[in-house]
1. Go ahead and collect, in residue order, the members of the stretch 79-105 whose backbone nitrogen is under 15 Å from a label point 7 Å along the Cα-Cβ direction of residue 49.
2. Starting with the highest mean, order 82-90, 162-170 by the number of other Cβ atoms within 10 Å, averaged over the residues of each peptide.
3. Percent antiparallel among DSSP beta bridges with both residues in the stretch 33-96, to the nearest 5?
4. Could you point to the label whose value was computed as Cα extents along the principal axes in Å for the structure here, given (i) 55, 33, 27; (ii) 45, 43, 34; (iii) 92, 45, 22?
5. Could you identify which residue out of 67, 44, 176 has the top mean-square fluctuation in a GNM of the chain using Cα springs shorter than 10 Å?
6. Measure nothing but the geometry: give the 0 to 90° angle between the long axis through the Cα atoms of 37-50 and the longest principal axis through the Cα atoms of the chain, rounded to 10°.
7. To the nearest 10 degrees, how steeply does helix 138-157 sit against the main Cα axis of the chain, on a 0 to 90 scale?
8. What number, in percent, do you get for the relative contact order of the stretch 1-105 if the mean sequence gap of Cα pairs under 8 Å and at least 6 apart is divided by its residue count?
């Protein structure tokens, strides 16, 4: 798809390695319409503190965080800043079961519809978090919700609210997504989980994906 302008939007890309496979989370937050690198650095700093503290504390030490990219999506030539991470692993001393095991958290905006809710797939779910072969313990689910909500609160405090970015307006008669002329960012107001069932992302398997 050609570049799509997304007013007042920055992309936050958290990259890591898990058993030799590159794995990522992509989030979005609100910025000005003409941000400077210094403004993107503010976002990067908040995310870096959260990744190296909160995210790492709830992930297996199999997971190795490698970098954080924050990119202006207002224009195709907007600035980007990068934080290279070295030696930052999850701090839970238990392995993952498999690369593709993950847990899905919901990003809620208070509005209905697919354009106004997002998902975050937790990287490096450690094996001690399970209370059955296919479910996480209630305590783990509560902790993960609180952990991601902490990032939402921190970004709000920095005046860069976490948001859900909608790039498509629906499905056409050809059954393909219809791109918007501009992306629409809606602020996240809460984080939740549908249940405690473990999810799967096969592109995180070794040798697949990025």
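1. The answer is none.
2. On the way: 82-90: 15.0, 162-170: 18.6.
Averaged packing, sorted descending, gives the order 162-170, 82-90.
3. Values: 7 of 8 bridges.
Bridges in the stretch 33-96 that DSSP calls antiparallel: roughly 90 percent.
4. Here the calculated entry is (ii).
5. Comparing 67, 44, 176 in the GNM, the peak value goes to 176.
6. That works out to roughly 20 degrees.
7. With rounding to tens, the tilt is 30 degrees.
8. Worked out over the stretch 1-105, it gives 32 percent.
Each reported figure results from applying straightforward, stated rules to the coordinates on display, with no laboratory input. All figures in this text were calculated on a predicted structure; none of them were measured in a lab. Here Cβ is always computed from backbone atoms with ideal geometry, including for glycine, and neighbour counts include all displayed protein chains.
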